[in-house]
Amino acid sequence: MSVSIRDLDTTTADFAEGTLTDVVAVNDGLELEKGKLDDYSTDPLTNNRFTGLQGTWSYDSTNQWLEQTDSTTAQHFGAQTGFAFDTKVDFEFDMKIESDPSGRIHSGAFIQTVAGEITGYRITHLDNRWAFSKWDLGSETSLNQTSHNTNAITVGQDVHIRVIHDFVKNTGELYVNDSLTISWSDSSYSQGRPGYHSYGNITHYDNLVANNLIKVNTGTRQSPQLDLSAVNDVASSSISWTETLNSQTITIETSIDGGSTWDTCTNGGSIPNISGANTLDVRQTLSTTDTTLTPVLESLEVDIDTAVVNEDTGVLQETETHTFYPFKFNDTGTLGSTEDNSPLMVSQQDSGYFNADAENFYTMVFESFDEGKLISDIEYNQEGWITNPKNTSQWKKIDENKENLWTKVEKNTANWKKVGGE
């Protein structure tokens with residue numbers, strides 16, 4: 001008996017099984033999870049994760065948030081320089097205006113499009129409404145927008161902001177507390193990254209998430225463990241996968257000791273050290289050096305085949321298999337050569353009797369009998385063998401009453417051969 005074990009992952013549901021860490025099953029494959037976070041649990045100004053472009057930016061270590069504390073009537077901008085530029089930005093954050101000497105309630109988001117510059121899009125609250133404009137080196141140009149909801153904010157209000165701009169489609173949207181507020185269309189720039197804006201007030205910002213960027217640079221999936229206890233002797237094994245790397249990296253590893261040690265696999269190669277293993281774990285590691293790109297694992301297949309083991313006992317005996325073609329006839333008259341479309345097959349599994357003289361010939365009258373049913377003598381035409389059933393000249397006119405044309409066959413004589421059974 002042989003045992004085959006096959007595990008194939010090709011769908012989102014397949015890849016969702018197992019233990020996923022910073023990867024996600026999506027679009028019938030496995031990708032690195034998106035949602036790069038800076039929750040400002042450490043100072044983002046000390047390691048250049050955030051850069052203030054104008055104004056006074058500081059870190060509140062007690063509350064663990066970023067603040068713009070210059071309340072003079074000037075435009076203040078900052079950019080999340082630790083986040084990569086991308087052709088689509090989709091970021092969200094929490095914001096609160098602590099005090100507002102200017103009375104303009106003028107704070108919001110900024111999409112920086114050129115490194116080191118106050119160049120990009122400003123999406124901000126101003127005088128009980130939200131406004132969208134373009135900035136080039138600190139100079140503002142008003143742009144058209146479509147208003148959907150007012151969603152005016154007040155001093156001291158906790159506000160959740162989400163900004164999306166697609167530089168390929170040249171469209172953008174602002175959501176305030178998950179409500180679509182304004183939308184726009186503009187093709188001035190080709191890339192962007194998150195930032196903040198304020199004017200004449202003190203505002204803090206927290207929990208920045210870029211939904212378009214990879215969350216972390218490396219993620220893993222460990223497939224459900226395969227039970228190999230039914231495998232006695234491995235005849236062959238293979239592990240293969242399909243992938244789209246996008247200039248990034250995917251590594252496939254296997255473990256036969258429950259994850260204590262891992263062996264790196266070759267695509268299309270055999271499974272390392274599989275002989276004698278009781279379990280098999282498969283780990284997939286996806287890595288990127290560019291948070292705008294993820295490698296994609298599209299399929300993963302594991303195949304294990306065991307050697308054939310004959311567990312039968314006793315003496316093996318070869319038995320030939322013959323196929324016989326019975327023909328229909330009348331008792332008297334000229335016999336026809338109509339072939340039965342369902343030929344009788346006598347095989348190793350059958351138990352019965354057949355005429356030993358009839359092997360490899362066509363016969364007019366021929367049947368196979370179960371041993372228990374062969375309880376009487378059977379008569380057949382001894383002149384009935386022909387070489388071509390469609391040649392009518394080979395058929396003879398017979399008379400059922402001429403006894404010399406018929407031969408009686410006894411049940412247990414040499415004229416019968418038993419096949420199958422014990």
> Taking θ as phi - 60°, what are the ³J(HN,Hα) couplings along segment 202-214 by the Karplus curve (6.51, -1.76, 1.60), each to the nearest whole Hz, with x for Gly and Pro?
Replying inline: 10, 10, 10, 10, 7, 6, 6, 10, 9, 5, 8, 9, 5
> For the residue pair Glu298 and Asp178, what label-to-label distance in nm results when each label sits 7 Å from Cα along the Cα-to-beta-carbon direction?
Replying inline: 3.6
>> Which one, Pro194, His165, Ile182, projects farthest toward the positive side of the charge dipole computed for segment 137-282 from Cβ point charges (K/R +1, D/E -1)?
In response: Ile182
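Considering all alpha-carbon pairs of segment 113-208, what whole percent are spaced by more than 15 angstrom?
Numbers: 2823 of 4560 pairs.
So the portion of pairs separated by more than 15 Å is 62 percent.
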> From the square roots a ≥ b ≥ c of the eigenvalues of the alpha-carbon gyration tensor of segment 220-310, which class results: rounded (a/c under 1.5), prolate (a/b over b/c), or oblate?
Replying inline: prolate
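Counting other beta carbons within 10 Å of each Cβ, put Tyr196, Tyr40 in order, fewest first.
Values: Tyr196 29, Tyr40 24.
By the 10 Å Cβ count, ascending, the order reads Tyr40, Tyr196.
Using only the Cα atoms of segment 141-259, build the gyration tensor, take square roots of its eigenvalues as a ≥ b ≥ c, and label the shape rounded, prolate or oblate: rounded if a/c is under 1.5, else prolate if a/b is larger than b/c, else oblate. Walk me through the numbers on the way to the answer.
Values: a/c = 3.70, a/b = 2.58, b/c = 1.43.
Prolate is the answer for segment 141-259, as a/c is 1.5 or above and a/b outweighs b/c.
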> What ranking do Arg162, Arg129, Arg193 get, fewest neighbouring Cβ atoms within 10 angstrom at the top?
Replying inline: Arg129, Arg162, Arg193
> For the residues His204, His165, what sequence is obtained by ranking on other C-beta atoms within 10 Å, fewest first?
Replying inline: His204, His165
> Listed here are the pairs Lys88/Lys215; Lys96/Lys134; Lys34/Lys96; Lys96/Lys215; Lys134/Lys215; which of them are more than 21 Å apart at the Cα?
Replying inline: Lys96/Lys134; Lys34/Lys96; Lys96/Lys215; Lys134/Lys215
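Going by the alpha-carbon gyration tensor, a ≥ b ≥ c the square roots of its eigenvalues, is segment 34-214 rounded (a/c under 1.5) or, if a/c is not under 1.5, prolate (a/b greater than b/c) versus oblate?
Details: a/c = 1.36, a/b = 1.10, b/c = 1.24.
Rounded shape, in that the Cα axes give a/c under 1.5.
Pairs of alpha-carbon atoms within less than 8 angstrom and 6+ residues apart define the contacts here; what relative contact order does segment 34-214 have, in percent?
Numbers: 514 pairs, mean separation 62.6, N = 181.
Averaging sequence separation for qualifying contacts and normalising by length gives 35 percent for segment 34-214.
Give me the extension gain from Thr289 to Gln54: residue separation times 0.36 nm, minus the current Cα-Cα distance, reported in nm with one decimal.
Details: separation 235, 0.36 × 235 = 84.60 nm, distance 3.04 nm.
Full-extension gain reported as 81.6 nm.
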> All other residues with a Cβ under 15 Å from the Cβ of Lys88 taken together, and with Lys, Arg as +1 and Asp, Glu as -1, what is their net charge?
Replying inline: -2
> Does a label point 7 Å from the Cα of Ser188, set along Cα-to-beta-carbon, have any residues of segment 142-181 with amide nitrogen under 14 Å, and which are they?
Replying inline: 142-145, 171-172
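No lab work stands behind these numbers, since they all come straight from the coordinates. The structure presented is a predicted model; accordingly, all values stated were derived computationally and were not measured. Cβ: placed from backbone, ideal geometry, glycine included. Neighbour counts: every protein chain shown.
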